[in-house]
Amino acid sequence: MAAPATGGATPAPVKVLVVGQINGRLDLLAPRVAAVHAQHGPFDVVLAVGGLFSVNPAENQPIEAFIAGEKKCRWTCEAALTGLSSRS
């Protein structure tokens with residue numbers, strides 16, 4: 001199968017940050033991702049692999065606050081798209 005034509009320009013590689021189990025602690029994930037992003041970014045996408053929720057319901061309270069809309073994530077689609085467009 002032939003590679004798609006790019007008009008002679010080589011596309012920028014996509015930087016992916018992969019994080020392990022969150023276990024309901026989205027409140028701890030956001031500042032950690034921000035720190036890694038500042039030191040080694042920018043990243044185009046963050047993938048969370050492993051357990052998103054904890055088996056202990058009490059440990060899921062931080063992520064449930066985001067799901068309920070009580071807390072907002074600082075990252076937006078607009079910011080992500082702006083980051084991608086600035087890399088091209």
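The values are calculated or read from the model by the stated rules, or taken from the named source; none is laboratory data. Here the structure is a predicted model, which means the values were calculated and not measured. Cβ coordinates were reconstructed from backbone atoms using ideal geometry, including for glycine residues, and neighbour counts include every protein chain displayed.
Before moving on, here are some points about what is shown:
- Whichever residue in the range 41-65 is charged (D, E, K, R) and modelled with pLDDT under 85 and, among such residues, is nearest to Leu28 (Cα to Cα): Glu59
- Residue in the range 20-53 that is surrounded by the most Cβ atoms within 10 Å (Cβ to Cβ), counting only those that are touching a residue at least 40 places away in the same chain (Cβ under 8 Å) and in contact with a Leu (Cβ under 7 Å, 6 or more places away or on another chain): Ile22
- Scanning the range 33-66 for residues being assigned to a helix (DSSP H, G or I) and among the hydrophobic types (A, V, I, L, M, F, W, C) gives a total of 9.
- Residues in the range 1-32 that are in a helix (DSSP H, G or I) and at pLDDT below 85: Leu26, Asp27, Leu28, Leu29, Ala30, Pro31.
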